[in-house]
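Every read-out reported here was derived from the displayed coordinates using simple, explicitly stated rules and does not represent laboratory data. Just so it is clear, the model here is predicted, and its values are computed rather than measured. We place every Cβ from the backbone using ideal geometry, glycine too, and count neighbours over all the protein chains shown.
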Amino acid sequence: MPHPQSPLHSGFGAASTAHDVIAGIDLSGKTAIVTGGYSGIGVETTRALLSAGARVIVPTRDMSKAKANLDGLKVELVVMDLADPASIDGFASTFLTSGAPLHLLINSAGIMACPLARDARGYEMQFATNHLGHFQLAARLWQALKRAQGARVVSLSSVGHHSAQVDFDDWNFERREYDRWVAYGQSKTANALFALALDELGASHGVHAYSVHPGLIITDLTRHMSREELQRSGGLDDQGRPIVDLNRGMKNTEQGAATSIWAATSPLLNDVGGIYCEDCDFAALISDDEATVAGSGSLPSGVRRWATDLAAARKLWSLSEKLTGVSLG
């Protein structure tokens, strides 16, 4: 029996766009929540879901930016900040009170490679925002996800997970020196482990979860990187324009949103979850020797074993419950 991380040969690939993937999919009567749905590939994710007839709600930290980026789209904007637990609770409570089922939760928001910062609880900001905020949101929305009788939760991980597993002894950088890329990699591994654990808990209730590497895309996510740093990494050309090179996994935003949309809507995934996806397919499991190194110039792809470790996923779930004070309700 093949490993669940074996590619399906879905018929789509790196060049596929969100528009390509959602063609023929009808989401009429379905409700989707897209965090980060007003920035970067989140805008294209929102646009694709709307085109298929879904009701789309975008939790919003920056309302003026959201209104500008989503101008002309029939989307519902509701205030929420992933770094503020009370804000998450308020958003979820309002949605639950409506009694509506939640068919799709796409966790597209995130921060990357920021200087050391901590939230009000003292938690390192990349772990707190990218993982704990989304963990709390999904847990608070659990009853609405179950009510859908066939929900999917898609969390944006990254090839950045190659650089770090979750350090359960010092996830908060209290004893080791802070490294912004290690912190980012840890949070992206956490996103993959979250999907693995949520799928294990949710499958019997019709809730499946997936993690996604969208590709390498120059968006507002790279705001903590200098222009020189982006050019050295091959992300920008000499004129400062984003480079699209599918041979190196570098995509435009329409291509970047495709794997999220595929994981959220493909009929191929009706009975399976907990999988790390890339290029609109299940990613291949790779060995430590095969893992790419940032800046190596080789094609970044595949999922490392530590991001598919069910024991680590369960351990992270327990830690997350402790840190947030929230469990599936």
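Of everything in the range 56-90, what is surrounded by fewer than 18 Cβ atoms within 10 Å (Cβ to Cβ) and among the hydrophobic types (A, V, I, L, M, F, W, C)? Give them in sequence order. Once the filter is applied, which keeps residues that are surrounded by fewer than 18 Cβ atoms within 10 Å (Cβ to Cβ) and among the hydrophobic types (A, V, I, L, M, F, W, C), the range 56-90 yields Met63, Ala68, Leu73, Leu77, Val78, Val79, Ala86. Where the second residue is among the small types (Gly, Ala, Ser) and assigned to a helix (DSSP H, G or I) and the first is within 20 Å of Asn191 (Cα to Cα) and lies in the range 242-263, which pairs have Cβ atoms under 6 Å and are six or more apart or on separate chains? Sorted first by the residue in the range 242-263, then by its partner, the pairs are Ala257/Ala18; Ala258/Ala18; Ile261/Ala18; Ile261/Ala48.
Checking the conditions here, which among Asp20, Asp89 is touching a residue at least 40 places away in the same chain (Cβ under 8 Å), in a helix (DSSP H, G or I) and over 19 Å from Val153 (Cβ atoms)?
On the way: Asp89 fails: over 19 Å from Val153 (Cβ atoms).
Residue meeting the stated conditions: Asp20.
Counting the residues of the range 60-79 that are over 19 Å from Lys30 (Cα atoms) and either of a type in the set (S, T, N, Q) or touching a Lys or Arg at 6+ places or on another chain (Cβ under 7 Å) (or both) gives 3. Among the candidates Gly37, Gly29, Gly42, the residue that is part of a helix (DSSP H, G or I) and either among the polar types (S, T, N, Q) or within 25 Å of Ser93 (Cα to Cα) (or both) is uniquely Gly42. Condition check: within 24 Å of Ser187 (Cβ to Cβ), under 16 Å from the mean Cα position of the chain (by Cα) and crowded, with 22+ Cβ neighbours inside 10 Å. Does Ile106 satisfy that? In short, yes.
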